[in-house]
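Below you will find the structure I want to go over with you.
Laboratory data are not the source of any read-out in this text; all were calculated from the coordinates shown. The shown structure was predicted, so the numbers you read here are calculated from the model rather than taken from an experiment. Using ideal geometry, Cβ is built from the backbone for each residue, glycine included, and neighbour counts are taken over all protein chains shown.
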Amino acid sequence: MSKSSILTWALAVVGLSLTAPRLASAAGTTLNGSGSTLSKPYQEVAIEEFKKAHKELTINYGGGGSGKGRQDLADMVVDFAGSDSPYKEADMAKIKGGEVLYFPILLGPITVSYNVSGVDKLNLSPETIAKIFQRDIKKWNDKAIAAENAGAKLPDEDIVVAHRADGSGTTQNFTEYLNGAAKGVWKLKSGSTVEWPSDTQAGQGNGGVAQIVKSTKGAIGYVDLSDAKASGLKFASVKNQAGKFVEPTTAAASAAGDGIEVKPNLLFSALNAKGDRSYPITCQTWVIAYAKQTDKAKADALKAYLKFLVKDGQKLLSEIDYAPLPKSLEDKAMKQLEKIQVK
Amino acid sequence: MQALDLRGNKAYLDRAFRWSAAGAAALVLLILGLIAVTITGRSLPVFHEMGLKFFTTTRWSPPDALFGALPFIWGTAFTALIALLIAVPISLGMALFMTQVAPPPIRRPMVYLIDLLAGVPSVVFGLWGVLVLSQHFGLGRSFLTAGIILAIMIIPIITSLSREVIETTPPGDKEGALALGCTRWEMIGAAVIPHSAGGLVGAVMLGLGRAMGETIAAALVIGSALGQLTLHALSPGNSMPAVIANEWGEADTLHKSALIALAVTLFVITIVVNLIATAIVQRSMRRAQGL
Amino acid sequence: MELAQETEAAAAPPDLTAKQSWRSVKSAVMTSLMIGSVVAIAAPLIAVLWAVLTRGASVAFHQFPDFFVKDIPNIARRAGGGMGPAILGTLMVTGAATCIAVPLGVMGAVYLHEYGGKNHFSRLVRFMSTVMSGVPSIVMGLFIYIVWTLHFGYSAFGGALALACLMLPVVIGATEQMLRLVPNHLREASYALGTSKSRTISTVVLPAALPGIVSGSLLAVARAAGETAPLLFAVGAANEYNPHLFEEANTALSIQIFGNATSSFAAAQDRAWGAALTLVLVTFLATLAARVFTARIARKR
């Protein structure tokens, strides 16, 4: 191979990468988002559906975690962020682009999935869940579990606790739920990463935790409904504020949505919601965007996409095991869209 | 013989060529230096917060702003140790086989075998580890599984280097031993090993350095458990690179600084191991060539 | 007394051909252990390649060339789709990294061998180069994140920078080895004709060393193509084709494998195996090409 042919080859590679026509849409606008992996399945179906009517737009949603999304948006590296929780007070100063708006887009039930043969229905109260996950209760036939499950044949087996290895908004919401509903019992506090006891197992992503629960006898873990159903896991019915044991279904998550208090900036918590039929471990996630936009084309694309997420796309949610927003919240979010202005 | 001295333009171009080449060489030092400076700089916040207790605390609790690297340092060392325990006998056995036992027509396929093993990307080993290996033999995701995967990955480098070192054994020593009536194994023990010992140690240390730095394959199979300062190899554990890769996405500023501090620790440890190993191997090779 | 002993000894001559049995058994045991190491290496290699082939081939070659060309499905749970963007991403990132690392590495090695020789600077650079090849790839990824991604965002180029840093020491080492093998009489003949040093190097020495340089670079490329950790911090995550080197996030085969390995959806796991097969084929091709070049040098000699 002569020097000149190597050179030509190298130039061809470089040239190809710099000048190749865009295989995606032509001279259109691109919107980039990153953040919450909880909302990633919805973003995926929404983008696909949305593009059918807007072929000239390219929308990329990179996931990577709520923390990453908030950071990327604060640094103005993305156009919108998906986040399961709002910016912390301390981080507000680092937001470069001015006022941020929170648009809720879905409600998602987090299941407490388990793998115990012979037990098809399991009732758990928040206190029991807290004690299991912090390893105060170590065996399946413990008195506390038996008390909530009269008639169930609980085996004398060790409980294997599975949690997230990576930082996650799901962990944040799950631990926040236990903080509130099992106050005084739950010791590990809340955060995207918490200090789990050392004799537990960790998996990457909801999928990783689901894998552990599926393949380990006696395992229990918190997994979002979507991944739990995909892995064929059994989930527990959790006791809500009204004292009823409720299964994690999209209907129960919607019921939780009816019982929430929404702040003017559309922040709220669906965890431990009131109502007989509410599933108590229902979490919420927002898409965050700047109120002040500089590029008209991008602003129009952003508003159109947000509108789709909040309103027309909601019907896609139940197919992927998420719950739509209650109508009142949807209306408030639509109204907030008007605050996005091009300056 | 030197090139003739030049005048005028040609001299200028010649000098420019020399300086660009020197600049390219200096890049190595520049990049290494930049790495050291930038990551140390970004890790300072957590050291402000925790001081040197960062290295001795066993708890890792981001909500409490409490970061202790000890279990992860232990995990990195422990999995590397398991990897060495498995890889070294196999690599040495393979190197000795290739140089002392195998007849010449078998040697080339053996080289290809090692090349093939070295050519499989680490992420593919990780994929296989998490979806296949950890499901069998009761291994699960643990220090041991990570150690096995790491062993498979460092075998090629230890084998190749050992082979190079062993091949410098003077044939006279080997033939002398055989002439005195040694069996093949005794000859190896009498002539090959004493001569190569230093170089072999160096090769093993380079393998150690590589094992400690491996991120992705380890992250997938190590189990990501906290606080595991244990010798129980079948329990899930954690290592510095695995923690960094896992927790980076959701980390806030102080947490990120703690993760970067882990990277600094890893950097320093692997650099030191590599420095020592390189020095040993170079010295052994130079001695073998009679320099 | 002595005479009696000597006669006794002479009466029963020792059998010099029979080795003491435990020694030869020990040697045989050790030899079989050494053969055992070959098995110990071949076994996991065959197991991994078997898994990649059986699980990946059905996905990758289903309705060829779909897998290699189609977009990554936005919805992870859906079967079908392909790894087209990831293949392009891997090629772009690795290609750009090669274009950066090989010229710089070759020039660096040229200095070390042709100009520097044994001076302190060269010895330091050589030493540090070997040390640099041991820097964990995740440290390199964090370094590029701090120095590049934070300022310029995610792009294929950031990933290329990270991989170039990993490739540089390998290229320098391989090139220097090759330069050492170029016989000095070639250089001397060139000087005798009045050629300047720089021209000698570029027109005589480098072409002579070229096959070896290509071989070493291909090995570096093969290693770089499989790297994951540095790309996670520099390239980002995109699902659509992005042929632009400097703009916007991109993806690569290694990133996709890592991401899909822990998915609960069988379709995503299948794509991971298909991507693994593709990546393994790419690296094997590069390694094979490297060996062909090495054989060419051996033949020339």
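If Rh is defined by the Kirkwood formula over all Cα pairs and Rg also comes from Cα, what ratio Rg/Rh do you get for chain B?
Here the Rg-to-Rh quotient is 1.08.
So what's the angle, to the nearest 10 degrees on a 0 to 90 scale, between helix A:296-310 and the longest Cα principal axis of chain A?
Between the helix axis and the principal axis of chain A, the angle is about 20 degrees.
Also, I was wondering about something else. Just tell me how shielded C:148-160 is by partners: mean number of partner chain Cβ atoms within 10 Å of each residue's Cβ, no decimals.
2
Calculated from DSSP H runs of 4 or more alone, at -39500 (n - 2.57) each and per residue, what is the 222 nm mean residue ellipticity of chain B, nearest 500?
Rounded to the nearest 500, it is -24000 deg cm²/dmol.
Now for a different question. With a cut-off of 8 Å between alpha carbons and a minimum separation of six or more residues, what is the relative contact order of segment B:160-266 in percent?
Rounded, it is 20 percent for segment B:160-266.
Under a crude label model (7 Å from the Cα following the beta-carbon direction), how far is A:Thr216 from B:Leu180 in nanometres?
Taking the simple label geometry, A:Thr216 and B:Leu180 are separated by 5.7 nm.
Let a ≥ b ≥ c be the square roots of the eigenvalues of the Cα gyration tensor of segment B:141-291; is it rounded (a/c under 1.5), or, if not, prolate (a/b larger than b/c) or oblate?
Since a/c reaches 1.5 and a/b is larger than b/c, the shape of segment B:141-291 is classed as prolate.
Sorting check: for A:306-319, B:111-124, which peptide has the highest mean count of neighbouring beta carbons within 10 Å, and how do the rest follow? Please list the in-between numbers first.
On the way: A:306-319: 18.2, B:111-124: 21.4.
Final packing ranking: B:111-124, A:306-319.
Same structure, new question: Strictly greater than 19 Å: what percent of every Cα pair in segment B:26-100 meets that?
Beyond 19 Å sits 63 percent of the P(r) for segment B:26-100.
As I understand it, the value is the acute angle between the Cα axis of helix A:327-336 and the longest principal axis of the Cα atoms of chain A; what does it come to in degrees, rounded to 10?
30
Taking beta carbons within 10 Å but only from partner chains, what does the mean come to for residues B:207-214?
Mean shielding count: 3.
What FRET efficiency comes out for the pair A:Asp158/C:Ile46, r = Cβ-Cβ distance, R0 = 41 Å, nearest 0.05?
0.70
Rounded to two decimal places and with Rh computed the Kirkwood way over Cα pairs, what is Rg over Rh for segment A:234-335?
Values: Rg = 15.6 Å, Rh = 14.9 Å.
Value, to two decimals: 1.05.
Treat each spin label as a single point 7 Å out from the Cα along the C-beta direction, and report the C:Val69 to C:Thr203 distance in nm.
For the pair C:Val69/C:Thr203, the computed spacing is 4.7 nm.
Let me ask something else. Compute the FRET efficiency between A:Lys244 and A:Ala304 as 1/(1 + (r/R0)^6), taking r as their Cβ-Cβ distance and R0 = 60 Å, and round to the nearest 0.05.
FRET efficiency, A:Lys244 to A:Ala304: 0.90.
Assuming a viscosity of 0.890 mPa s and a temperature of 25 °C, what translational diffusion coefficient in µm² per second does Stokes-Einstein assign to segment C:143-301, Rh being the Kirkwood radius over Cα pairs?
Numbers: Rh = 18.2 Å.
The estimated diffusion coefficient comes to 135 µm²/s.
Compute the helix-to-body angle for C:2-11: its Cα long axis versus the longest principal axis of chain C, expressed 0 to 90° and rounded to tens.
Roughly 60 degrees between the two axes.
Mean separation of Cα pairs under 8 Å and 6+ residues apart, divided by the residue count of chain A: what relative contact order is that in percent?
22
Which value, in debye to the nearest 20, gives the size of the charge dipole of segment C:56-148 about its Cα centre, when Lys and Arg are +1 and Asp and Glu are -1 at the Cβ?
The dipole magnitude comes to about 220 debye.
Now for a separate question. So for segment C:229-282, considering every pair of alpha-carbon atoms, how many percent are separated by more than 15 Å?
51
Taking beta carbons within 10 Å but only from partner chains, what does the mean come to for residues B:87-94?
5
Let me ask you something else. Using only Cα atoms, figure out Rg for chain C and give it as a multiple of 2.2 N^0.38 Å. Write down the numbers at each step before the final one.
Numbers: Rg = 27.5 Å, N = 301, 2.2 N^0.38 = 19.2 Å.
My calculation over the Cα atoms of chain C gives 1.43.
Next up: Say each of C:Arg123 and B:Thr57 gets a label point 7 Å from the Cα, pointing the same way as Cα to Cβ; how far apart are those two points in nm?
A separation of 4.4 nm, rounded to one decimal place.
If you don't mind, another one. Helices from chain B with mean Kyte-Doolittle at least -0.5 and a Cα length along the axis of 27 Å or more, per DSSP H: which?
Working: long enough: B:8-50 (61 Å, 0.82); B:70-96 (38 Å, 2.01); B:143-166 (32 Å, 1.95); B:193-213 (30 Å, 1.00); B:253-288 (52 Å, 1.28).
Result, helices passing both filters: B:8-50, B:70-96, B:143-166, B:193-213, B:253-288.
Using a 10 Å cut-off on Cβ atoms, rank the peptides A:270-279, C:210-219, C:161-170 from the highest mean neighbour count down.
Going from most to least packed, we get C:161-170, C:210-219, A:270-279.
Right, here's the next one. Can you check what the net charge comes to around B:Phe17, using other residues whose Cβ is under 12 Å from the Cβ of B:Phe17 (Lys, Arg +1; Asp, Glu -1)?
Summing Lys/Arg as +1 and Asp/Glu as -1 gives +3.
Using packing as a proxy for protection, rank A:83-96, B:266-279 so that the peptide with the highest average count of other Cβ atoms within 10 Å comes first.
On the way: A:83-96: 15.1, B:266-279: 19.8.
Answer by packing, highest mean first, reads B:266-279, A:83-96.
Per 5 Å bin, what is the whole-percent P(r) computed from every C-alpha pair distance within segment B:85-227?
2, 10, 17, 18, 16, 13, 9, 7, 5, 3, 1, 0
Normalising by the residue count of segment C:77-175, find the relative contact order in percent from Cα pairs under 8 Å and 6+ residues apart.
Once divided by the residue count of segment C:77-175, the mean separation gives 52 percent.
Can you tell me what share of the DSSP beta bridges in the protein assembly as shown is antiparallel? A percent to the nearest 5 is fine.
Looking only at bridges with both residues in the protein assembly as shown, the antiparallel portion is about 60 percent.
Could you grab the Rg to Rh ratio for the protein assembly as shown? Cα atoms only, Kirkwood for Rh.
Numbers: Rg = 31.0 Å, Rh = 30.1 Å.
A ratio of 1.03.
A further question follows. Specify the residue with the greatest mean-square fluctuation among B:Glu49, B:Glu186, B:Glu164, computed from a Gaussian network of chain B linking alpha-carbon atoms under 10 Å apart.
Largest GNM mean-square fluctuation: B:Glu186.
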